[in-house]
Every structure is written in structure tokens, then in C-alpha cells.
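A.B. asks: My questions will all concern the structure given below.
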Amino acid sequence: MTNTNKNIEHLLAKSVFEELSKDEKSQLNKWIAESEENAKDYEAYQQLWKKSEELVVGDVIDVEDSLLKTKKRISFSDSKKRWLIIARQVAAVLLVSITISGLYTYFSVPEKEHVVYQDISTAYGTQTEFELADGTKVWLNSGSRIHYPNSFNNMEERRIELVGEAFFEVTKNAEKPFVVQTSALDVKVLGTAFNVSAYENAPDLTVALKEGKVSLLKANSGDDNALVSLTPNEVAVYNNKEKDIVIHKERSLNKYNAWKDGRIVFFEDGIETVVQKLENWYNVDVEIADEELNELIFTATFINESLEQVLNLLSISSPIDYSIIQASKNKNGIYSKRKIIIKERNNR
């Protein structure tokens, strides 16, 4: 897989969540404009995602038929290297099986094992659970995505890439470390259970260790020297701005991994943590209108509540009011996120 095609793959995955930066949009648009085939593949990718979102709210679609139609438009030849993305989302999960550039090698040299990379993304407000080729169990949280190979054979390490949040129960293999690559840190383990929260644009990256041992390394540095190592019930918080790591011990990791069971848990958390979890869970933008609210501490558990129910309960138990600005369609036909404004309650 070339770096160029790997980059395009990630841009396509990010595009369905409307997370592309200005430069990334420019890169993707340039690739789409390069050929009619690229444009058709992009459109097919977007349509499959939109149809799968309809499935979540109750409409029945024929995903298999859509995939078949997409596949029929793809052809391969010795003279032209093509790449293929087939998207399939079931229960708000997008599974992208990708074969890029290496398809030529795959068809021309059949005796050599070919590694296919896959992306799984979760829509906001949903979670999914699956297993990797080595038996490692993965839980993927709302608005997250993971990039991984279909096989770890002939690899020195089991490396996957994460944007968002996931919990891992890693199958032990002393000869082949398991590495979770994020934008700022690599989390390296042999066999353990831990949670990684590495959402884009979040101020902090958090690693919470349930059992075993993990080492944190500088991302993509090639340096195997650990910055820090964690023992069970320790939590490492990496500040993306200051580039420093703080480690603390927790009696319970419930608030870090309760999302696996569909629960939002706050335990002695400031309003910034509350805002971040609500934004990632419900796909909304939250604005804190009064600085005084930064002094509030929240402890609460929510199970399957709607955003409105969560906000109402928080307002009952704390001195806050809120307003909701509904999503609106822009001139390109794309809906904005709902916006929540939280302010201090006026009791006068």
C-alpha cells in the first residue's frame, strides 16, 4: 500500500464524519477530479454510507445489492493499477475493505500472501464489538474508527491505528507486540486489557489500564524507549498542547470503560470532560457561555438517555440552563451539527 493511497483511504473515511480540514478537502477533491472512475467510486462510497444511516432509523435497504453494483464497476488489468473501497455499514458500523495498489501484486503473484487493510467506523451514539485476526477483542466507541490488517502474519508487530476511543482485550503473544497507534502516542503491549481515548481535536489523550502492562511511546518515532509504563488501575493523560503526561491511580476505571455497555459515566469530572463526552456521543457542538461553570464537578450515570434527557437531568442537579440550536441545511445540502449552549442559571 503506497502512502498516497493510504492517505486517500483515510480521507474517505473521515469524509463521512465531515471531519476533513481545509487542506484535506483539497487533497480529496483533487483525487476525485483526476478521473471519472475516482468520482464514481467516491459517490458510491458516500451513497452506501447514507443508505446505511437510513437503516439505523428503520428503513430497509439492500446493502448486498448496493455492494454488488459497486463491485461490477471495478475491473483490474496489468496496464492500470486500480484501488477499491467497498463500504458496508450494518447497525451504524462502516466496514471498509481496502485493497490499494497491491492488487496488481496480488493477482500477478498469487503465491505471496496479500494483506488487506480494513477500516471500521462507528456512527455517533453507537458502539460495536469485533475481533482481530489474532483473537484480540475490540470495542469501538461512538464517532471512532480503527484501521487494521486482516492478518498479522509475517509482521514483526501487531499494529493498528485508532482515531477516537476503543477498549482492547489483547491476545498474548510475547514475540509479537500489539501496538495502538494514535496521532500523538503509540500504546505498546504484549497481552492486556486497556482503554484508549484519542479523539481528534480533544485536548487530552487518555490511556486507562485495566490489567497487564502497557508502555507509551512517541508516535511514529521508531524509538522503542518507553516514555512511561502503566500498571493496573493507572491512568495516563497526555496533554496534546503541552506535550506532557500525567499519571494517576484510580480505585475504579468504570468511568473510562462504561461506554462499552452503553453507559455515560461521570465521576467527579469537570464540565470540560462532560462537554467532550456529550459531543462525541451525540455528535453535537457544545458551547460553555459562562466561565463560572468551569468550577462545577459532576457525578452521574446515564443509560440509553437521549441528549435532551441528559441535559434536563444535569440542569436539575446543577445550577445550569441550556438551549438547543437545531441543525440546519447549508447551501450545499449538508446539515450542520446541533449546537448546545450551556449557561449559568439565573435564579433572580
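The values are calculated or read from the model by the stated rules, or taken from the named source; none is laboratory data. Everything numeric in this text was worked out from a predicted model, so none of it was measured. For neighbour counting, all protein chains shown are included, and Cβ atoms are generated from backbone atoms with ideal geometry for every residue, glycine included.
A.B. asks: Do any residues in region 212-223 that are closer than 22 Å to Ala193 by Cβ and in the same structural domain as Phe178 (by TED's automatic domain parsing) have Cβ atoms under 6 Å from those of residues that are aromatic (Phe, Trp, Tyr) and not in a loop (DSSP other than H, G, I, E, B), where the two are at least six apart or on different chains, and which pairs are they?
C.D. replies: Listed by first residue and then by second, the contacts come to Val214/Phe194.
A.B. asks: All but one of (1) under 22 Å from the mean Cα position of the chain (by Cα); (2) loosely packed, with under 14 Cβ neighbours inside 10 Å; (3) without any contact (Cβ under 8 Å) to a residue 40 or more places away in the chain hold for Gly262; state the number of the condition that does not hold.
C.D. replies: Going through (1) under 22 Å from the mean Cα position of the chain (by Cα); (2) loosely packed, with under 14 Cβ neighbours inside 10 Å; (3) without any contact (Cβ under 8 Å) to a residue 40 or more places away in the chain one by one, Gly262 breaks only (3).
A.B. asks: Then there's this: Can you pull out the residues in region 290-326 that are among the small types (Gly, Ala, Ser) and loosely packed, with under 14 Cβ neighbours inside 10 Å? Let's see the steps before the verdict.
C.D. replies: First, the residues of region 290-326 that are among the small types (Gly, Ala, Ser): 300, 306, 315, 317-318, 323.
Ser306, Ser317, Ser323 - these are the residues of region 290-326 that are among the small types (Gly, Ala, Ser) and loosely packed, with under 14 Cβ neighbours inside 10 Å.
A.B. asks: Glu272 passes all but one of (1) closer than 17 Å to Ile325 by Cα; (2) surrounded by fewer than 18 Cβ atoms within 10 Å (Cβ to Cβ); which number fails?
C.D. replies: (1)
Listed here are the residues, each with its yes/no results for (1) hydroxyl-bearing (Ser, Thr, Tyr); (2) farther than 16 Å from Gly125 by Cβ; (3) touching a strand residue (DSSP E or B) at 6+ places or on another chain (Cβ under 7 Å).
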residue	(1), (2), (3)
Trp281	no, no, yes
Val284	no, no, yes
Glu308	no, no, no
Asn312	no, yes, no
Ile340	no, no, yes
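A.B. asks: Which members of region 137-156 meet the condition of being touching a Lys or Arg at 6+ places or on another chain (Cβ under 9 Å) and either free of Cβ contacts under 8 Å to residues at least 24 places away in the same chain or of a type in the set (A, V, I, L, M, F, W, C) (or both)?
C.D. replies: The answer is Trp139, Phe152, Met155, Glu156.
A.B. asks: For the structure I just gave you, tell me whether Ser252 is part of a loop (DSSP other than H, G, I, E, B), of a type in the set (Ser, Thr, Tyr) and either loosely packed, with under 13 Cβ neighbours inside 10 Å or modelled with pLDDT of 95 or more (or both).
C.D. replies: Details: part of a loop (DSSP other than H, G, I, E, B): yes; of a type in the set (Ser, Thr, Tyr): yes; either loosely packed, with under 13 Cβ neighbours inside 10 Å or modelled with pLDDT of 95 or more (or both): yes.
Considered against the rule, which asks whether it is part of a loop (DSSP other than H, G, I, E, B), of a type in the set (Ser, Thr, Tyr) and either loosely packed, with under 13 Cβ neighbours inside 10 Å or modelled with pLDDT of 95 or more (or both), Ser252 comes out as yes.
A.B. asks: When the residues of region 112-129 are filtered to those that are touching a Lys or Arg at 6+ places or on another chain (Cβ under 9 Å) and over 13 Å from His147 (Cα atoms), which remaining residue is surrounded by the fewest Cβ atoms within 10 Å (Cβ to Cβ)? I'd like the intermediate steps shown before the answer.
C.D. replies: Step one: of region 112-129, the residues touching a Lys or Arg at 6+ places or on another chain (Cβ under 9 Å) are 117, 119-122, 127, 129.
Then drop every residue that is not over 13 Å from His147 (Cα atoms), which leaves 127, 129.
On the way: Gln127: 22, Glu129: 11.
For region 112-129, the residue satisfying everything is Glu129.
A.B. asks: Continuing with the same structure: Give me a count of the residues in region 159-207 that are part of a loop (DSSP other than H, G, I, E, B) and either among the β-branched types (Val, Ile, Thr) or under 25 Å from Val275 (Cα atoms) (or both). Before you say what the answer is, go through the steps one by one.
C.D. replies: Initial filter on region 159-207 (part of a loop (DSSP other than H, G, I, E, B)): 170-177, 182-184, 190-192, 199-203.
So of that shortlist, the ones also either among the β-branched types (Val, Ile, Thr) or under 25 Å from Val275 (Cα atoms) (or both) come out as 170-171, 182-184, 192, 199-203.
Qualifying residue count for the region: 11.
A.B. asks: Can you tell me which residue is surrounded by the fewest Cβ atoms within 10 Å (Cβ to Cβ) among those in region 158-170 that are among the acidic types (Asp, Glu) and in contact (Cβ under 8 Å) with a residue 24 or more places away in the chain? Quick ask: steps written out before the conclusion?
C.D. replies: First, pick out the residues of region 158-170 that are among the acidic types (Asp, Glu): 161, 165, 169.
Of the ones still in play, those that are also in contact (Cβ under 8 Å) with a residue 24 or more places away in the chain are 165, 169.
Details: Glu165: 26, Glu169: 17.
So the residue we want is Glu169.
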